[in-house]
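All of the numbers you see were taken from the coordinates with simple rules; none came from a lab. Small disclaimer: the values here were computed from a predicted structure and weren't measured. Positions of Cβ are generated from backbone atoms using ideal geometry, with glycine treated the same way; all protein chains shown enter the neighbour counts.
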Amino acid sequence: MGYFVTERLLRYEPPPRRLHVMTTGTNLDLSGQLVLRRTTTPANQRVWRVGVDSDSALRLYAVSDDGASANAALEIARNGAQPAGVIARSSVVDQPLAVNVANTTLGAYVGFRRSGQTRWTFGVNADSESGSNEGSNFAINSYADNGSYLATPISINRRWNVISANGEFYVNRTGGDLANLNATQSGQTGNLVFRRNSVKRWALSMSSATEGGGNIGSDLHIDRYNNSGDWLSTPMSIWRDSGTVQFRHPVLLDSGDWSSADLVFNSPTASNERWLIWRRMGTNRWALLATNAAETGSNSGTHFEIRAYADNGAWLHTPLRISRRNGVVTVTGQARGLVHVPNNTWTNIWQPTANVTMGIIMMGLIGNPGINGDFGYSAFCLWHRGPDGTMGVQIVWKGTGCNVDAASGWIRYIQGSGGTQGVHYAVYELFRWEE
């Protein structure tokens, strides 16, 4: 049995001596460790002990059933008169420290304070659990200098695994990827969505198109949504295999407060051409381009062209070409066909439509070479339509004549009687002006 000695000090000394207790005023001094035992079967079995170790850290130990071993579950370190941190340990469970609130109207938070005032908390909020994994969402909260609630900068929805950042978001990194959107399975998209009042407005997305050979699939799109959050269209796409950028709506270049609105076409290599192409149903119709003609000095090469294409998208001709070196404009007309011109007979060459107001036609001999030395013979005719709609010929060069049939509106040509019966002429329209 132990014994009590009652003076100014109270001491309890059970055999063997394990605990030394002294009271001075309102203080209770413990020397050694405090052992906590069972009150149920097996009675008096040690299960916990707490005390100050030789490194001055306070530790709570879990004791084995036979009392032979103990492991620290909770540790509070000390640095002088200040606590130096709390550590919870476990080797058998994955939650050595848990916060549980039984009241369903309250959250369960861990708080961080300065001078006794709350600055931050994180944990489970008080959102009601209504089934289907709804409620009890995670939140990080900020607090004012006086400890009052300010905002919830970050929250995570438990059911949908959606992270909400309610404020500006900065990613500071000196190298490597700043952020990653990773689709872990085939057929998934990777979306960066912009919302207003939680409703979709825009999305930057990687498509779910299957990846095949030649870098096909996983293309990049910009999608737009209406006021209800429903998809409207995809104004822009970038194809991963070719790098082609596709616009599906008009593109406006507006200088705004800047001095100019520039659209620049730059070729990184001398062999590349720079194109601006117009298509119908995906098939080429017209192209505006700077050619890849070699630049050999004296401002030569890299000419400017306008090209026309057939219904199947194949190149037809180059109606206009401008030399960069001297500015010479080359206009190439389209052959209108082969016309048989008998002797002394007015032959219809071309009938302009009503909206054509002026034109130039050239005709060249391509048949019956050597007759009267006329091989290579040509005719040149400039005509116009007056304000009253009448048509007239202004210039005729070579040959007997070129005029306009007032009744039909045909431009006509007549071959003289110089013995070139049966010659054929190739007819070219060099210019036309339309209203």
*With r defined as the distance between the Cβ atoms of ASN348 and VAL245 and R0 fixed at 51 Å, what FRET efficiency is calculated, to the nearest 0.05?*
0.55
*Between ALA126 and residues 5 or more places away or on another chain, which pairs have amide H atoms under 5 Å apart, with H built 1.01 Å from N, and which residues are they?*
GLY107
*Rank by packing, highest mean first: peptides 141-148, 284-291, 270-277, with packing defined as the count of other Cβ atoms within 10 Å averaged across residues.*
284-291, 141-148, 270-277
_Radius 12 Å from Cβ of TYR61, net charge of other residues (Lys, Arg +1; Asp, Glu -1)_ = +2
*Please get the size of the charge dipole for region 190-247, origin at its Cα centre, with Cβ charges of +1 on Lys and Arg and -1 on Asp and Glu, quoted in debye to the nearest 20.*
380
*Please give the net charge around ARG119, taking every other residue with its beta carbon less than 11 angstrom from that of ARG119, where Lys and Arg add +1 and Asp and Glu add -1.*
+1
_Selection from SER323, ALA293, TRP275 lying farthest towards where the dipole of region 274-331 points positive, charges on Cβ_ = TRP275
*What list of ³J(HN,Hα) couplings, whole Hz, do you get for region 350-361 from phi and the Karplus terms 6.51, -1.76, 1.60, once you set θ to phi - 60° and write x for glycine and proline?*
7, 10, x, 6, 5, 7, 8, 9, 7, x, 10, 10
_Pairwise FRET efficiency - ASN133 versus VAL47, Cβ, R0 = 30 Å, nearest 0.05_ = 0.25
*³J(HN,Hα) across region 256-269 via Karplus (A = 6.51, B = -1.76, C = 1.60, θ = phi - 60°), whole Hz, x for Gly/Pro?*
x, 8, 8, 6, 8, 10, 9, 10, 10, 10, 10, 9, x, 10
*asked:* For the pair ALA165/ALA310, report the inter-label distance in nm, with labels modelled 7 Å from Cα in the Cβ direction.
replied: 5.6
_Taking R0 as 45 Å, what FRET efficiency do you get between SER64 and ARG113 from their Cβ-Cβ distance, rounded to the nearest 0.05?_
0.75
*asked:* Using the Karplus curve 6.51 cos²θ - 1.76 cosθ + 1.60 with θ = phi - 60°, what ³J(HN,Hα) values do you get for each residue of region 290-295, in whole Hz, with x for Gly and Pro?
replied: 9, 6, 9, 4, 4, 8
*Can you tell me how much longer the chain between VAL331 and ARG158 gets when fully stretched, taken as 0.36 nm per residue apart minus their C-alpha distance, in nm with one decimal?*
55.3 nm
